[in-house]
Amino acid sequence: MPYSLREVSDVIESLWPIAGAEGWDASGLIAGHPDDSVSRVLLAVDAVADTASEALDIGADLLLVHHPLLLRGVTTVAADRYKGSILTRLIRGNCALLAAHTNADVVSDGTSGVLATLLGLTNITPLVPSADGETGIGRAGRLPEPRTLGHLAHSLAKILPATATGIRVSGDYDSIIESVALCGGAGDSLLSTDAVTRADVYVTSDLRHHPASEAREQAGLGHGPALIDVSHWASEWLWLDVAAAQLRERLPDLTVQVSDIRTDPWDFVVTQ
């Protein structure tokens, strides 16, 4: 028996409360009516042409994504523009669109929490705790046993789905790592936080040249972590399977699928 979009949205709210979202975020229902019927859901990191097509091809009534399609202001949703094209196709196909973004980052089994668990970290705490002291952005913890930075990078390569840019590392391959700070998605804004500077390594995505260079130089003085830069999409895609399992448990009559489409924007790299 299908559920209403309102019922599905209520479960999503219970799993990833919108109150946990950052003030700048735009999580929540993007398209669709609360009274619409939902029997099949597709989960993806991004609402792009390929994932929208997949949702429509499998007959999904809801495309649940991590990244909000309308995060930044737009002045048009004309169908000859990227965002308008996605919305037009989904609406015409009777497929709702909903985003769970930073509200799905901060929970214990959110994007960073899932990566921390897959790495086997212990004593896991948020990098930036919320007011409740339990949820928050990023995670810090300790490896079950010390390993080299190179070994840790190879472990991440096995955990994460493959992407063209792979995994970039700043630090001595043989340096010993015991404590790990990490943030799924873009995390260079947290480079100066105490939990990151105290860690042996910081794992995140989208590290820009100047913040990474400054952190590397500071680490050279003995006051900062090694850096591991991974694909933004890959670091957050891991969460989808966990989210799907939670939805299936709460809504047993709902068919929930996870998109395997790689929405990392890079297709290949050329090395000298």
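The values are calculated or read from the model by the stated rules, or taken from the named source; none is laboratory data. All of these numbers come straight from a predicted model, not from anything done at the bench. Don't worry about glycine lacking a Cβ; one is built from the backbone with ideal geometry, like all the others, and counts go over all protein chains shown.
Only one entry in 148, 125, 102 is more than 19 Å from residue 20 (Cβ to Cβ) and among the polar types (S, T, N, Q), namely 148. State all residues of segment 61-105 that are outside any helix (DSSP H, G or I) and of a type in the set (Ser, Thr, Tyr); if no residue qualifies, say none. Passing the criteria: 75, 76. Filtering segment 179-200 to residues that are surrounded by 17 or more Cβ atoms within 10 Å (Cβ to Cβ) and either of a type in the set (A, V, I, L, M, F, W, C) or assigned to a strand (DSSP E or B) (or both) leaves 179, 180, 181, 182, 183, 184, 185, 190, 191, 195, 196, 199.
Every condition in (1) on the phi < 0 side of the Ramachandran plot; (2) in contact with a Cys (Cβ under 6 Å, 6 or more places away or on another chain) holds for residue 126 except the one numbered (2).
Beta carbons closer than 9 Å, at least 6 apart along the sequence or on distinct chains, pair a first residue in segment 255-272 that is within 13 Å of residue 240 (Cβ to Cβ) with a second that is modelled with pLDDT of 95 or more and among the aromatic types (Phe, Trp, Tyr) for 258/237; 259/237; 260/237; 262/233; 262/237; 263/233; 263/237. For segment 49-57, the criterion of being crowded, with 17+ Cβ neighbours inside 10 Å, in a helix (DSSP H, G or I), of a type in the set (Ser, Thr, Tyr) and touching a residue at least 40 places away in the same chain (Cβ under 8 Å) is met by at least one residue. Would you say residue 224 is touching a Phe, Trp or Tyr at 6+ places or on another chain (Cβ under 9 Å), touching a residue at least 40 places away in the same chain (Cβ under 8 Å) and not acidic (Asp, Glu)? No; evaluated as a whole, the condition is false for this residue. In segment 72-85, the residues that are in the same structural domain as residue 27 (by TED's automatic domain parsing) reach residues that are among the basic types (Lys, Arg) with C-beta atoms within less than 7 angstrom, at least six apart or across chains, in these pairs: 74/83; 77/83. For segment 214-272, what are the residues that are at pLDDT below 95 and of a type in the set (Asp, Glu)? Selection gives 214, 217.
Of the residues 207, 247, the single one that is in contact with a strand residue (DSSP E or B) (Cβ under 6 Å, 6 or more places away or on another chain) and in a loop (DSSP other than H, G, I, E, B) is 207.
May I ask you to verify whether residue 119 is in contact with a strand residue (DSSP E or B) (Cβ under 7 Å, 6 or more places away or on another chain), assigned by TED's automatic domain parsing to the domain that holds residue 203 and crowded, with 21+ Cβ neighbours inside 10 Å? No, not satisfied.
Taken over segment 52-62, the criterion of being in contact with a helix residue (DSSP H, G or I) (Cβ under 9 Å, 6 or more places away or on another chain), under 10 Å from residue 40 (Cβ atoms) and of a type in the set (A, V, I, L, M) is satisfied by 55, 60, 62. Set side by side, the residues 248, 198 differ, and just one is basic (Lys, Arg), touching a residue at least 12 places away in the same chain (Cβ under 8 Å) and outside the structural domain of residue 12 (by TED's automatic domain parsing), which is 198.
Restricting attention to segment 212-239, which residues are part of a helix (DSSP H, G or I) and more than 21 Å from the chain's Cα centre (by Cα)? Across segment 212-239, the qualifying residues are 213, 214, 215, 216, 217, 218, 219, 220.
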